[in-house]
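The structure appears right after this line, and notes come after that.
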Amino acid sequence: MTLALPRRASAEFAGTALLVAAVVGSGIAAARLSPGDVGLQLLENAIATALALGALILTFGPVSGAHFNPIVSAVDWWLGRRAGTGLTGRDLPAYVAAQVGGAIIGAVLADLMFDLPAVTWSRTGRVGGNLWLAEVVATAGLVVLVFALARSGRTSAAPAAVGAYIGAAYWFTSSTSFANPAVTIGRAFTDTFAGIAPASVPGFIAAQLVGGVVAIAAIAAWYPHAADTAGAVVVPHLTQETEAR
């Protein structure tokens, strides 16, 4: 029996909020500390995001699994629905709502920490087939990674592996690897280095959904029994029984 849903959802909310705060906040700091050098700004932003993501998985993983991503949660539900593993149909909407709400709050928090208006819609347009393709690749790779780690019993490596993948994908994808609908929505609320114009959000989310479908097909081919370990994504979380020990 897993921990109560409100408790897990609150962990997803807080973890996603802090993740977006790290993405946006480090982007603001990078732009201020390294003006005129976009490459250095991106490097600083990528390093901070990768390190923060690993730390947040370690912090919140034992409570909720540390999904922080509606695509990861949706694939976890899809793969585990017949085997009785992973998220339930009741869990999924709560996780997604918590992730999206947390992402928005995280962007607001970052703006306030850097003495900016709480909400300023981003004016950074991110539109184009190359960017959407990059989001398909980034999202599919991320999802395959977390399910491969769970299926092969290497979830202890997830904080480092997932952080490393996202940090690398900042550079090998033209979109800088949003790979997360909740984070994409949150980043529309800040007109800073990491922002994305609201008009660009639907295209990114559509591409991320396609990436999720690609990942499901890949997992089915390479890890046909991944459903057996869906409950260990991204990392195993405590049950009421194990917590009591």
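Here are some notes:
- Approximate shape of region 101-245 as ellipsoid semi-axes (Cα gyration tensor, √5λ), whole Å, largest first: 30, 21, 12
- Here the relative contact order of the chain, from alpha carbon pairs under 8 Å that lie six or more residues apart, stands at 32 percent.
- Calculated [222 nm] ellipticity per residue, helices only, for the chain: -22500 deg cm²/dmol; basis is -39500 (n - 2.57) per DSSP H run with n ≥ 4, divided by all residues, nearest 500.
- P(r), alpha carbons of the chain - 5 Å bins starting at zero, rounded %: 1, 7, 14, 20, 21, 16, 10, 6, 3, 1, 0
- Average accessible area per residue (Å²) across region 128-232 - probe 1.4 Å, nucleic acids and ligands excluded: 36 Å²
- Note on LEU116 and TRP171: their simple-model spin labels are 2.4 nm apart, each label 7 Å out from Cα toward Cβ.
- Just checking the listed ones, PHE172, PHE147, PHE60: in the Gaussian network model of the chain with Cα springs under 10 Å, the one fluctuating most is PHE172.
- Label zone at ALA199, where the point sits 7 Å out along the Cα-to-Cβ direction: region 121-147 residues whose backbone N lies under 13 Å: 122-128
The values are calculated or read from the model by the stated rules, or taken from the named source; none is laboratory data. None of these values were measured; they are calculated from a predicted model. Backbone-built Cβ (ideal geometry, glycine too); neighbour counts: all protein chains shown. The accessibility values were calculated without ligands, DNA or RNA, using every heavy atom of the protein model including side chains. Shrake-Rupley method; radii C 1.70, N 1.55, O 1.52, S 1.80 Å.
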